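Taken together, the values in this text are just the output of simple stated rules run on the coordinates, not laboratory data. Note that the structure is predicted; figures quoted are calculated from it, not measured. Quick reminder, even Gly has a Cβ in these numbers, built from the backbone with ideal geometry, and neighbours come from all protein chains shown.
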Amino acid sequence: MKELKLMKGNEALAEAAIRAGCDAYFGYPITPQSEVLEYLSREANSRTGMTVLQAESEIASINMVYGAAGTGKRVMTSSSSPGMSLMQEGISYIACAELPCLLVNVNRGGPGLGTIQPGQSDYFQSVKGGGHGDYKLIVLAPSTVQEMSDFVGLSFDLAFKYRNPVLILTDGALGQMMEKVELQPQKTRHFEDLGWTTTGRKNGNGRVITSLHLKADEMEILNNHLQAKYREIEKNEIRFEATDCDDADYIITAFGLVARICQKAAEMARAKGIKVGVFRPISLFPFPYAQLKEYAGKVKGILDVEMNAGQMVEDVRLSVEGAVPVYFHGRMGGVVPSPEEVLEKLEEKFAGGVK
Amino acid sequence: MNEKTMLDDQHYENMIAEESVCNAENLVYEKPSKVLYDTPMHYCPGCGHGVVHRLLAEVIEELGITSDIIGVAPVGCSVLAYNYLNIDMSEAAHGRASAVATGIKRVLPEKYVFSYQGDGDLAAIGTGETIHTCNRGENILILFINNGIYGMTGGQMAPTTLPNMKSTTSPFGRDVETMGSPLKITELVAQLPGTYYVTRQSVHKPVNVRKTKKAILKAFEYQKLKKGTCFIEVVSNCPSNWKMNPVESNKWLDENMLPFYPLGDIKVPDKNLQTDD
Ligand code: SF4
């Protein structure tokens, strides 16, 4: 029987973590994601024995994640933009040491202390590296509370499949809004010694979790290995949603919550006789370059809409390779664009073709 | 170094000449071969790190916990501690060893966990993690090597550099007016309710080596009893960056470091739980 519940995005995500058999959560309060830590503090330990620890900072949280992930347990943290910035050093270490774990960024508007209102201005930080060195996170962008829940189990599966950190990039609006969500069944927590895990020496040889390789040629071998893994992820893990794109004259590209706003705008456009589709990348890394390119060949233009100064639009342009004009509309600082505004931009940018 | 304990060349030759010393029944020291890899260490001659590694290895082997222990290495000279200790280990970012150790211990509460950290790592960049790990009373051992200087990066001033002590970044001596006083972080963590056993030892003389070993042994016994954080400071040397030979550096340690960082227990647990003294 379906288990349906009305839940806040942050709470749905926290509930999903318990149900995914998560072993440990380490985090630090920051708006607009503190509900994750609060919900888990209340619910998790008594239900599954999951460890929940409020750390003294995001820096400590991410390093606790590093330590615990090295044992092969299912571990996670969550934060919001300024806190994620503090975590970048640790994330680089985790990516280099190839530790599976789940990271969640409930994005708020920046830069600086910014605002506690929603934003998508951490796209570059999430998708293009963020910390030092050449590394990639698998990045998933939910657009509904349902996906906030569903992506948790998926993220753990991907993290362990590739021994790579997975980031759920969401925003303050999705974190705070309430929607109906169908909950996943409870998985039992289970542990497997995966060979590389530091759980106490096995077979006479100490195992080491490290990101240090002092010799240049050894460090290059590791880098080549990481890059090969990222190519494999690009081959297998592309996720996207194309709504009404097949007969469209124009496509709006957007991720996360903004894609839903754009879908509303597209419906309004269709009501006016303008054929608009919405292309929503779900995996931001790997980005669906080829899939978007295919649609781009069939339309007259693309409007990219984001809650930032224009970040994903760079990847959209890389996909399209100049085949059609790509315009950008962004709101910043925590302002959420309205469907009317998106429609207006669409008509303005493509005035000639639309009229 | 204590003159009496120094072996001059003649004495050494005499010893070799007396064959009896090589007989098995006269064995006084054996390398903890199960835990210490048979490989040369990269530490400078006379450096305390090698001695502390050996003590750790001996204790782990004697307690028979080789498969039940996870160590955390810092950033600093001992960043490659896992090249010498044949146990499961995790390398931590600079200053974060106690947070990494917390993460490990929280998901593996039945295992022994320790962090091994230098003064820059533990008392400068990692001060926050050190204090909060101790304050939460994480059931781990923090092994703190204090030689008053940044070794690996080439002799810069550390939080524990003595007043007027010269370093590459206090070339005229540490001026406490502008650079602050050395941080006695061991006394500081002893104030916290989460710490159970806090002691300051050294490895510059055989008698101190034995005491340090005893302290490590106790700390793991307390960890088994889930008593809270055990914190052992080892006042050590850095012959290379102090620009002294090993003997001089140990003498300097005795005369300069120890008056400021007095040896001995700072916080001792319940008397009836004590293993000796
Ligand atoms: S630099 Fe100093 S602390 Fe580092 S190994 Fe050499 S003597 Fe030891």
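Below, the figures for the structure above:
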{"item": "Ordering of A:188-196, B:169-177, B:210-218, B:257-265 by packing [mean C-beta count within 10 Å, highest first]", "result": "B:210-218, B:257-265, B:169-177, A:188-196"}
{"item": "Cα shape, chain B, gyration tensor, a/c 1.5 rule", "result": "oblate"}
{"item": "Most mobile of A:S78, A:S155, A:S338 in a GNM of chain A (Cα contacts under 10 Å)", "result": "A:S338"}
{"item": "Order of B:T39, B:T127 - criterion: other Cβ atoms within 10 Å of each residue's Cβ, fewest first", "result": "B:T39, B:T127"}
{"item": "Prolate/oblate/rounded label for region B:44-122 (Cα gyration tensor, a/c 1.5)", "result": "oblate"}
{"item": "Extreme residue, positive dipole direction of the protein assembly as shown, given options B:N237, B:V203, B:H132 (C-beta unit charges)", "result": "B:H132"}
{"item": "Per-residue average of Cβ from other chains inside 10 Å of A:194-205", "result": "5"}
{"item": "Semi-axis lengths (Å, descending) of the ellipsoid that matches the C-alpha gyration tensor of region B:60-175", "result": "29, 15, 10"}
{"item": "Over chain B, relative contact order from alpha-carbon pairs under 8 Å, at least 6 apart, %", "result": "18"}
{"item": "Burial ordering of B:D121, A:D244, fewest other beta-carbon atoms within 10 Å first", "result": "A:D244, B:D121"}
{"item": "Region A:120-146 versus region B:245-265: alpha-carbon centroid distance in Å", "result": "50"}
{"item": "Dipole moment magnitude, nearest 20 debye, region B:32-267 about Cα centre, only Lys, Arg, Asp, Glu C-beta charged", "result": "400"}
{"item": "Relative contact order [Cα under 8 Å, 6+ residues apart], region A:4-118, whole percent", "result": "26"}
{"item": "Cα convex hull volume per residue for the protein assembly as shown (Å³)", "result": "180"}
{"item": "Candidate lysines for bridging to A:K187, where Cα separation is under 23 Å - those fewer than 8 sequence places away on the same chain excluded", "result": "A:K2, A:K5, A:K8, A:K73, A:K161"}
{"item": "Cα gyration tensor shape for region B:25-83, rounded if a/c is under 1.5, else prolate or oblate", "result": "oblate"}
{"item": "Of every Cα-Cα pair in region A:241-349, the percent that sits beyond 21 Å", "result": "24"}
{"item": "For region A:134-281, convex hull volume per residue from C-alpha positions, Å³", "result": "169"}
{"item": "Two-decimal ratio, region B:142-185, of alpha-carbon radius of gyration to 2.2 N^0.38 Å", "result": "1.10"}
{"item": "Computed Kirkwood radius, in angstrom, where 1/r is averaged over Cα pairs of region A:3-236", "result": "17.8"}
{"item": "Pairs beyond 22 Å (Cα-Cα), from A:K275/A:K300; A:K136/A:K180; B:K105/B:K227; A:K300/A:K345; B:K224/B:K267; A:K272/A:K300", "result": "A:K136/A:K180"}
{"item": "Under the Debye formula (equal points on every Cα, no solvent term), log10 I(q)/I(0) of region A:95-139 at q = 0.17, 0.19, 0.22 Å⁻¹", "result": "-0.56, -0.67, -0.83"}
{"item": "Amide H within-cut-off set for A:V104, under 5 Å, with H built and near neighbours excluded", "result": "A:T77, A:S78, A:S79, A:I168"}
{"item": "Candidates B:T229, B:T102, B:T66, ranked by Gaussian network fluctuation over chain B, Cα under 10 Å, top entry", "result": "B:T66"}
{"item": "Region A:281-341 and region A:1-70: distance between their alpha carbon centers, rounded to Å", "result": "32"}
{"item": "Shielding score for B:32-38, defined as the mean number of other chain Cβ atoms within 10 Å", "result": "1"}
{"item": "Residue (of A:P29, A:N10, A:I94) at the positive-pole extreme of region A:3-236, dipole from beta-carbon charges", "result": "A:I94"}
{"item": "Exercise: per-residue mean of other protein chain Cβ atoms within 10 Å, A:1-8", "result": "0"}
{"item": "Euclidean distance of C-alpha centroids, region A:176-243 and region B:181-210, integer Å", "result": "38"}
{"item": "Semi-axes of the equivalent ellipsoid for region B:163-277, Cα gyration tensor, largest first, Å", "result": "30, 18, 10"}
{"item": "Estimated dipole of the protein assembly as shown in Debye, rounded to 20 [Cβ of Lys and Arg +1, of Asp and Glu -1, Cα centre]", "result": "1060"}
{"item": "Antiparallel DSSP beta bridges within chain B, as percent of all bridges there, nearest 5", "result": "20"}
{"item": "Chain A: most fluctuating residue of A:K161, A:K298, A:K215 per GNM, C-alpha cutoff 10 Å", "result": "A:K215"}
{"item": "Relative contact order %, chain A, counting alpha carbon pairs below 8 Å whose residues are six or more apart", "result": "18"}
{"item": "Calculated FRET value between B:E248 and A:N236, using beta carbons and R₀ = 41 Å, to 0.05", "result": "0.10"}
